[in-house]
Amino acid sequence: MVVKIIHIDICRHAVVRQVAMETAYVAVKSEHASLLADRVPVVEADEALMLSFWSQSCAVLDLLFSGFLLPRPPSPPVAEDAAYRAALRLPDLFDFSVVDALRQQAFAFLVADMVARWMAMAFPERADGCRQLVAECKEHLRLLLNRRCLPPRGRRARKRMEIL
């Protein structure tokens, strides 16, 4: 069986920027917007907490990829410009047409997981909806990782198809 390797690279700053945007949107669109304006949105002062959430979310993503993840060399503590980097070993029958979707879904998972962790602290009333979205992202990642192409037909099957 031939194995192919794909790489997934996700910039932490892009994820944190998206988390900040989504939490600000929740605060503005809430029925108690004036009360939540200071409590819900992620701001620069929350950077240390976001770094912690980032590490936790990356660890969960590693667990989701565990059957496919290639070992990494030991890395230093998460740096300011850190990114999530993973190399996945996928079987030859994997449907490689979904690689971009897999990368996008990994990004969406990291955002959803960090938003859920943030909402659990800042706005617990909305945390269940966020956790549901995380569960949906996990399931979608599992489905994408298990996509396979049909193996090519043998020479006999091709000849039969030519006759018909």
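A few points about this structure:
- Ligands, DNA and RNA are left out, and with a 1.4 angstrom probe the accessible area of the range 110-151 is 56 Å² per residue.
- Extension reserve of the residue 17-residue 55 stretch, reckoned as 0.36 nm per residue once the Cα distance is removed: 12.1 nm
- Stretched out straight at 0.36 nm per residue, the stretch from residue 140 to residue 70 would grow longer than its current Cα-Cα span by 23.1 nm.
- Ligands, DNA and RNA aside, residue 58 has an accessible area near 20 Å² when probed at 1.4 Å.
The values are calculated or read from the model by the stated rules, or taken from the named source; none is laboratory data. Bear in mind that the values here come from a model prediction, so they are computed numbers and not experimental data. For accessibility, only protein heavy atoms count, side chains too; no ligands or nucleic acids. Shrake-Rupley method; radii C 1.70, N 1.55, O 1.52, S 1.80 Å.
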